[in-house]
Amino acid sequence: MQRLESNLDEAFDIKERYRKQRAKVDWHKIGVRNSCFFHSKTSARKTRNRIKGLTDDGGVWRDSNEDIKRITA
């Protein structure tokens, strides 16, 4: 009887270790997917938030780097 209980305990331990390892694998997969998702969202926002040009005091649209530097200085 003790031998059966011991075997059963060992089987439960093995199953528990398997589930823990499987959870780590699943978590890693989800984490990688989330990282890709957030990276793409961040990249899109960076592109959207980029200042492409400014209007100077005369109301003229300026989009060259030199003009933008001069307007903001």
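The values are calculated or read from the model by the stated rules, or taken from the named source; none is laboratory data. Because the structure is predicted, anything quoted here is derived from the model rather than measured. FYI the Cβ positions are ideal-geometry reconstructions off the backbone, even for glycines, and counts take in every protein chain you see.
Looking for whichever is loosely packed, with under 10 Cβ neighbours inside 10 Å, of a type outside the set (Lys, Arg), free of Cβ contacts under 8 Å to residues at least 24 places away in the same chain and part of a helix (DSSP H, G or I) here; the options are Leu4, Leu8. Which one fits? It is Leu4.
Can you pull out every residue in segment 30-68 that is loosely packed, with under 10 Cβ neighbours inside 10 Å, basic (Lys, Arg) and part of a helix (DSSP H, G or I)? Within segment 30-68, Lys46, Arg48 qualify. When restricted to residues that are modelled with pLDDT of 90 or more, among the hydrophobic types (A, V, I, L, M, F, W, C) and out of contact with any strand residue (DSSP E or B) (no Cβ under 7 Å at 6 or more places or on another chain), segment 33-64 contains 2.
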